[in-house]
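Just so it is clear, none of the values below were taken in a lab; they were calculated from the coordinates. Keep in mind the model is a prediction, meaning the values are calculated, not measured. We place every Cβ from the backbone using ideal geometry, glycine too, and count neighbours over all the protein chains shown.
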Amino acid sequence: MWDELRLPFQAGALGSRIVITARSEKVAMAMGNIHMHKLEALSDEDCWLMFSRSAFGDQSAEERLELKEIGQGIVKKCGGIPLAAKTIGSAMQSRRTRRQWELVLESETWNLVDVMEGILPALLLSYYDLPPALKQCFAYCSIFPKDWELEKDTIVKLWIAQGFIGSDTSEDMEEIGGLYFDDLLRRSLLQDAEMGSNGSIFSCKMHDLVHDLAQSVAGNDCLIVGMTQQANLNLNKVHHSFIFSSSMFEVTSISSTFHKADKLRTLLVSHGSRVFPPKLEMSLMKQVRISIRLHKLFHHLQCLRALDMTGAKIVKLPRTVGQLKHLRYLDLSYSNIEEISAGLINCVNLQTLIRNACEWLRKLPREMRKMISLRHLELERTNNLSYLPKGIGRLSTLQTLTKFIVGGNHGVDGCDLGELKHLNLLQGSLDITQLQNVSSQEEAREAELYKKRHLHTLSLYFNYPTYGEEVGDEEKREEKTGPGLPISLLSAFFN
């Protein structure tokens, strides 16, 4: 791979350089480096500066002075490693007394380096400092490959699907999960935060050494499966697995292997292109060849809570999906599915259904109103979906509904606008399309959009036919929609 990658660089201008960073001299040697710069460990002074920036929050000058000597002792145990100093410093923020700092300095964990080879003691101490709920959330992140972009929204939904997020009321589970994610970032167990368009954290990454720690504490609970690991996999104790390949592949053989994993709770299937999940293009997805005997797979994986088959070349979801009674998260984005099997409505615990960029999707299950646990329904870039099934308004726990299609013939074909009335927990973005099917201001008022206080983006679409099509002239257009209807509807929506 390196030989192929460096070919274009051989045509670089005179004086060009390639800089490679690695923790192993073997990597540098294999790449034929011309010169090697060996970075020394941080000095105690610089290491202390990095530690103190993370450790001291709103402590007074007196408190800082009292803790300085102990803190410098902790810093010396970090061995001049910046990650260790920053992470243990973040863990010390919640410790305010001298005795609490002394306990860290005197901890036997500093001597466990031989017991847990490759795991920095400072990182292990930071893990021990986590609350129990946060420990399992952190360990779960080891299911993703190193250098993977951890999207905050996705991770939180997966944590909820696994039952990691406790809450007195179901409405604030996502908020609590978001705080967990932010806490891991604050503790430097996550890094490289990317911000979304609304100014909130969109994604993070996990340092390789922190990922090693997560894998170590997760043990056999989480397993990443590459194409070279298909044979002799021991899946009896695995609860969460990620199937990953850097190129196009057939996963039929892997799916056969997973018939043994009857305790599996998470199954994520991915390929190399998905390292850029928000920016995937359909042209890439058409090259992906994924063939899975789903009906047999579902028969064995009765404990499954989360299933992600993004990009799978599946035309129809088998009815046996209804056997997955514990399923809470299902992502079938970028797939070729034309319609979702009616068997899905038997997944009464399903909380998240994601069908983004499914160009061929034409309809959803007719009895979808029975999926009373549904909290997130994502339907971005589903241009062939012409209506939503009636009764969608009964799903009062919905927090995400990216697309609402107004049915024609006053709701005979799909939902009328009034179905939005009771969906007051909606947040994020909402696109309302086919508004030309709304016949009056009274119908528009039934949506009660003014009660959707958590939405931050609302897009309204009037899809009028162009001149020469079925409704071809201005007279027929006004007969169908009423003159000036868009303006009057806007007035009804917001007054």
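A few notes on this one:
- Region 58-108-region 8-49 distance, computed between alpha-carbon centres (Å): 31 Å
- For the residue pairs K135/K421; K152/K370; K146/K260; K68/K135, alpha carbon separations beyond 31 Å are given by K135/K421.
- Relative contact order computed over region 1-109 (Cα-Cα under 8 Å; 6+ residues apart), in percent: 28 percent
- Using Cβ point charges alone (K and R +1, D and E -1), the dipole size of region 132-211 about the Cα centre works out to roughly 340 debye.
- Ranked for footprinting exposure by Cβ neighbours inside 10 Å, fewest first, Y140, Y450, Y461 give Y450, Y461, Y140.
- Whether region 132-211 is rounded, prolate or oblate, judged on the alpha carbon gyration tensor where a/c under 1.5 counts as rounded: oblate
- Gyration tensor verdict on region 44-113 (Cα atoms; rounded if a/c is under 1.5, prolate if a/b is larger than b/c, oblate otherwise): oblate
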